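In what follows, a structure is listed as structure tokens, so that the remarks can point back to it.
What follows draws every value from the coordinates through simple rules; no lab data is involved. Not measured: the values here are computed from a predicted model. Counting neighbours? That spans all protein chains shown, and the Cβs are built from the backbone with ideal geometry, glycine included.
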Amino acid sequence: MLERLKNIFKTLSLREKRMLYGALALLLIASSAFGVNLAYKITEAVPAFGGSFTEGILGQPTFINPVVGSSNDTDRDLIALLFTGLNTLKEEYKVSGDGRTYTAILKKDIKWSDGELLTSDDVLFTIETIQDINTKSPLLPTWQGVVVERLSEREIKFTLKSPYAFFEDNLDELKIIPQHIFGSIPPGNIRLSEYNLEPIGSGPFAFVKYNKRKDGFITAYYLKRNDFYAGEKPYLDTFQVKLFADAESLLKSFNRIEINGFGGLPIDETKKLSVGFQYFKLNIPRYYAIFLNQGAHLGLKEKAVRDALNKAVNKDSLIEKVFKGQAETVVGPVLQGTEGFDESIYENYKFSIEEAQKLLDESLWKLGDDGIREKTFGKNKVKLEFDLIVPQIKFLVDAGNIVKEEWAKIGVKVTIVGMHPNDINETIIKTRNYQMIMFGNILKSNSDIFSFWHSSERFYPGLNLAVYENKKVDALLESIRKDLNTETRIANLKKLQETMLNDTPAIFLFSPNYLYVSSKNLKGFDKSFAGTPSNRFDDVYKWHLKTRRVLKK
């Protein structure tokens with residue numbers, strides 16, 4: 001047969017041979033294309049192990065230790081990569097019927113990044129260290145009064161004085177420190193340990209080394225996959241963190257492809273990027289509001305004035321002007337997307353300059369010759385003019401100036417008093433010496449807002465910046481904390497929102513989105529909600545740069 005084909009081929013002219021070659025080539029190409037197309041139809045791309053990712057972060061670490069190191073975002077970011085919470089370490093939780101006792105059972109044979117066993121002794125040590133006042137842990141308020149008992153190498157019991165509906169969230173978020181590293185150090189000296197910069201952890205990645213300039217500035221951290229991680233094995237072999245003193249240097253490094261990702265900069269900064277990128281928008285449970293200190297100005301004591309101020313702020317327009325739309329509108333103390341938020345409560349409370357003016361007119365606040373509304377109380381004439389304390393952060397200053405312009409339209413004069421955030425904390429918030437203050441509240445991912453609105457928190461170190469006091473709200477907040485029944489807890493959250501909307505203790509403004517920018521080859525980043533910016537690393541074990549094809553199931 002082969003010999004016969006050869007003889008036929010010899011009889012072909014040159015033109016016919018060329019045509020035959022062409023036909024065979026087309027057949028080969030078509031077959032290859034068909035094969036490739038078929039392969040893609042019956043297979044799918046899945047993550048593959050390998051590769052290195054480099055994150056850019058503004059700032060410097062001080063304590064990469066979850067017990068003492070939550071004072072800055074850099075610490076929190078590195079802690080998220082190097083340590084893990086009980087949510088990953090535990091096999092299960094057991095909760096008593098009265099909601100006062102929780103038992104955590106750890107997974108079998110879990111280890112620290114140095115290979116030492118991680119046991120309930122480490123959990124007990126972590127909480128006892130937090131509870132020791134000499135440690136000066138920022139987590140002390142969360143764990144104060146919780147009794148902890150070791151039951152076995154894998155079991156540990158937590159007993160509360162009274163039920164707390166959100167305690168499991170506290171357990172999930174608790175990141176453990178190693179007793180074999182810190183156990184011999186007096187709590188007051190833990191901050192002096194070199195392990196705060198060279199940590200032994202239990203997170204998805206393990207510390208390798210860091211680089212430091214002669215002037216003391218730490219320039220980079222080098223991490224590798226933690227082979228003892230109790231969760232799913234990360235796809236990335238290594239993870240590097242480069243540290244920058246300013247945004248300009250960080251952006252230049254991204255343009256030079258020296259880093260692969262960064263977060264937290266405004267959307268406008270992406271205009272400075274000259275290489276391909278993608279960005280992800282994360283909702284974070286934090287909001288900014290103008291808190292009204294009713295005891296500092298007679299006008300603020302009147303509900304009509306507070307309501308008029310609220311109605312005269314066009315939040316949608318403000319978000320577009322300040323954030324280019326990259327923020328969420330906030331209408332009350334419970335954030336959209338969290339348990340108990342009820343949009344129907346706020347349906348009739350919309351922006352309206354006309355309604356704001358009408359409220360002030362009906363309350364006999366008359367426009368003076370200077371365009372500022374005034375009213376006589378006894379022998380005293382009071383003007384609607386206020387000082388508004390604003391941290392010297394660009395987006396807050398911009399927002400403050402927009403609010404100032406809008407309130408001027410209804411006859412209210414505002415003087416913006418810009419101050420450094422540290423000065424505000426030290427001199428203004430401690431004394432509650434302000435008429436109005438624009439400030440932010442960072443919430444948990446649940447609906448526990450007790451610290452921000454209960455009357456017991458009115459004065460420093462409490463977080464009730466509106467110095468707000470309402471016995472009905474106090475009772476609701478207390479009930480919400482203790483109620484283990486989701487249905488009744490949500491009902492009380494609705495009552496809470498209705499009551500506070502009626503009182504208007506603050507002008508709720510916005511919740512900025514957190515933007516995370518990365519190179520286009522990063523896959524596996526699928527978060528849309530994060531409790532804090534560092535929670536962008538919660539699923540870092542899913543991040544991957546490489547893929548392989550497997551048969552579809």
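Magnitude of the Cβ-charge dipole of segment 112-245, K/R +1 and D/E -1, about the Cα centre, nearest 20 debye?
Around 640 debye, computed over segment 112-245.
Is segment 89-134 rounded, prolate or oblate when judged by the Cα gyration tensor, a ≥ b ≥ c being the square roots of its eigenvalues, rounded requiring a/c under 1.5 and prolate requiring a/b larger than b/c?
Oblate, because a/c is 1.5 or more while a/b does not exceed b/c.
Stretched out fully, how many nm does the piece from Thr11 to Ser451 gain, at 0.36 nm a residue minus the Cα gap?
148.8 nm
Any lysines with Cα under 24 Å of the Lys107 Cα? List them, leaving off those in the same chain fewer than 8 positions away.
Excluding near neighbours in sequence, the set is Lys90, Lys94, Lys157, Lys175, Lys224, Lys233, Lys542.
What dipole magnitude, in Debye to the nearest 20, does segment 286-512 give about its Cα centre under +1 on Lys/Arg Cβ and -1 on Asp/Glu Cβ?
Charge dipole, segment 286-512, about its Cα centre: 460 debye, nearest 20.
What is the order of Glu153, Glu55, fewest Cβ neighbours within 10 Å to most?
Glu153, Glu55
At Lys281 and Leu298, where each label point lies 7 Å from the Cα along Cα→Cβ, what is the point-to-point distance in nanometres?
Result for the modelled spin labels: 4.6 nm.
Starting from the 7 Å offset along Cα-to-Cβ, what nm value, one decimal, do you get for the label separation of Ala245 and Arg18?
Taking the two extended label points, one gets 7.0 nm.
Just for the chain, what percent of DSSP beta bridges are antiparallel, to the closest 5?
75
Going by alpha carbons, how many degrees (0 to 90, nearest 10) lie between the helix axis of 14-42 and the longest principal axis of the chain?
40
Under 5 Å between amide H atoms, partner at least 5 residues away or on a different chain: which partners does Glu385 have, H built in plane at 1.01 Å?
HN-HN under 5 Å from Glu385: Lys413.
Where the centroid of each part is defined by its Cα atoms, how far is segment 331-363 from segment 444-518 in Å?
Using only Cα atoms, the two centres lie 16 Å from each other.
For Cα extents along the principal axes in Å, the choices are (1) 74, 57, 41; (2) 122, 65, 56; (3) 89, 56, 47; which was calculated from the structure?
So the structure-derived entry is (2).
Starting from the Cα-Cα distance between Ile416 and Phe459, subtract it from 0.36 nm times their residue separation and give me the gain in nm to one decimal.
Once the chain is fully extended between Ile416 and Phe459, it gains 13.1 nm.
May I have the pair-distance distribution P(r) for segment 286-512, computed from all Cα-Cα distances with 5 Å bins from 0 and rounded to whole percent?
1, 7, 14, 19, 20, 17, 13, 6, 2, 1, 0, 0
Which of rounded, prolate or oblate describes segment 104-161 when judged by the alpha-carbon gyration tensor and an a/c cut-off of 1.5?
oblate
If you count, for each residue, the other Cβ atoms within 10 Å and average over each peptide, how do 484-495, 370-381, 514-525 line up from highest to lowest?
Going from most to least packed, we get 514-525, 484-495, 370-381.
Just to check I understand the Karplus step: with θ = phi - 60° and J = 6.51 cos²θ - 1.76 cosθ + 1.60, what whole-Hz values come out for segment 541-551, glycine and proline as x?
For segment 541-551, the Karplus curve yields 5, 8, 4, 8, 10, 10, 9, 9, 9, 10, 5 Hz.
Be a star and scan segment 42-68 for residues whose amide nitrogen sits under 17 Å from the point 7 Å along the Cα-to-Cβ vector of Lys214.
none
Using only the alpha-carbon atoms, how far is helix 2-11 inclined from the longest principal axis of the chain? Give it as 0 to 90 degrees, nearest 10.
90
What is the distance, in nm, between label points placed 7 Å from the Cα along the Cα-to-Cβ direction at Ser344 and at Lys409?
My value for the distance between the label points is 3.1 nm.
Within 10 Å, count the other beta carbons around each residue, average over each peptide in 212-220, 195-203, 294-302, and list them highest first.
Ranked by mean Cβ neighbours within 10 Å, highest first: 195-203, 294-302, 212-220.
Output the 0 to 90 degree angle, nearest 10, between the alpha-carbon long axis of helix 353-362 and the longest principal axis computed from the alpha carbons of the chain.
Tilt of helix 353-362: around 20 degrees.
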